[in-house]
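The values are calculated or read from the model by the stated rules, or taken from the named source; none is laboratory data. Just so it is clear, the model here is predicted, and its values are computed rather than measured. No Cβ is skipped: glycine too gets one built from the backbone with ideal geometry, and neighbour counts run over all protein chains shown. Note: areas computed on protein heavy atoms with side chains; ligands, DNA, RNA excluded. Shrake-Rupley method; radii C 1.70, N 1.55, O 1.52, S 1.80 Å.
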Amino acid sequence: FEGIKAVDFQDDLTISGMKSPEGEKVPFVAVVDPKGKNIENWMCDLKDAMVAGVRDHMVKCVLIYKESVRTEWMCAWPAMCVLNGSQVHWTTEVEQYLRESGNKGCFEYYDVLKSQLADMVILIRGKISKLSRMTVGALAVVDVHARDVQLKMANAGVSAVTDFDWISQMRYYWDGELDENKGNLSVIMVSSKRWYGYEYLGNSMRLVITPLTDKCYLTLMGALQMILGGAPAGPAGTGKTETTKDLAKALAMQCVVFNCSDG
């Protein structure tokens, strides 16, 4: 897995956590014991520990969001949990404003998103760690897109959670009882639903999300749902491969590239 550069071996040779190339550390829920096992066996155990560890952090991260100051919250958790935990609450809050105030709620929530971005600007100008700076940078990309989508929906007159302008967005929901640590994170676009993969991604940057990116995501999500292939077409160097890799990041799914030199 690209996001794992090293693992934490203890004195008794058990593995208690993983480290990303950027230096981010994520502890496992239960240690992996490789003693007396072939590498192909304990590496599978390591993969299961990665999934369980990322899911455990995601649950805690989403739960504590409401009780935390957002700028402190985003520096306290693994980057991928911050990005997707933020998306879960964005989805919930957009739908809450739409249900309570209709189209007027779109404009109200747009102001909330603007103030959240202003808080992040203040945070990034201060003294924060290099890891936190990378997390905030990636989150800013996602948040700017959320703000732009919100304004577009408000101006288009979106007033219900069933309007196409809203259901065509990549939305994150927790399916199950979050308080009881049950269920899983799902990613939905129109009628496509994918379960979040919990592959550890480290603290990596995200591409700027343009309207064309959204169209690629929508097409590829539809293809995945129908167990088909998606084929982004266009001139060289326009970002087809990178967009596909970024969708894999958004879903935390394994992505194997074999069309470019980086394959």
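The one condition from (1) touching a Lys or Arg at 6+ places or on another chain (Cβ under 6 Å); (2) outside any helix (DSSP H, G or I); (3) buried (at least 18 other Cβ atoms within 10 Å of the Cβ) that W77 does not meet is (1).
Okay, residues lined up against (1) closer than 30 Å to D56 by Cα; (2) touching a residue at least 60 places away in the same chain (Cβ under 8 Å):
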| site | (1), (2) |
| --- | --- |
| I128 | yes, no |
| L139 | yes, yes |
| M153 | no, no |
| Y173 | yes, yes |
| G176 | yes, no |
| G183 | yes, no |
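Scan segment 239-263 for residues that are part of a loop (DSSP other than H, G, I, E, B) and either of a type in the set (V, I, T) or closer than 22 Å to K193 by Cα (or both) and the total you get is 6.
Entry remark, segment 219-241: residues being modelled with pLDDT of 90 or more and β-branched (V, I, T) number 2 in total.
Residues that are farther than 17 Å from T92 by Cβ and among the hydroxyl-bearing types (S, T, Y) within segment 145-169 comprise S159, S168, listed in sequence order. Has segment 229-238 got any residue that is in a helix (DSSP H, G or I) and either touching a residue at least 12 places away in the same chain (Cβ under 8 Å) or not β-branched (V, I, T) (or both)? No, that holds for no residue.
Can we say S86 is of a type in the set (S, T, Y) and surrounded by fewer than 16 Cβ atoms within 10 Å (Cβ to Cβ)? Spelling it out, it is not the case that S86 is of a type in the set (S, T, Y) and surrounded by fewer than 16 Cβ atoms within 10 Å (Cβ to Cβ).
For C106, the conditions (1) open to solvent by 10 Å² or more (accessible area, probe 1.4 Å); (2) free of Cβ contacts under 8 Å to residues at least 60 places away in the same chain all hold with the exception of (1).
Looking only at segment 1-48, how many residues end up being in a helix (DSSP H, G or I) and in contact with a Ser or Thr (Cβ under 9 Å, 6 or more places away or on another chain)?
As a first pass, look at segment 1-48 and keep what is in a helix (DSSP H, G or I): 39-48.
From what is left, the residues that are in contact with a Ser or Thr (Cβ under 9 Å, 6 or more places away or on another chain) are none.
Of the residues in segment 1-48, 0 are in a helix (DSSP H, G or I) and in contact with a Ser or Thr (Cβ under 9 Å, 6 or more places away or on another chain).
Being part of a helix (DSSP H, G or I), under 22 Å from Y109 (Cα atoms) and not charged (D, E, K, R): is that true of L151 here? When the stated conditions are applied, L151 passes them. For segment 143-196, the set of residues classified as more than 18 Å from the chain's Cα centre (by Cα) and open to solvent by less than 10 Å² (accessible area, probe 1.4 Å) consists of Q150, M153, A154, V158, W166, listed by residue number. May I ask you to list the residues in segment 54-74 that are assigned to a loop (DSSP other than H, G, I, E, B) and either crowded, with 17+ Cβ neighbours inside 10 Å or at pLDDT below 90 (or both)? The answer is M74, and nothing else.
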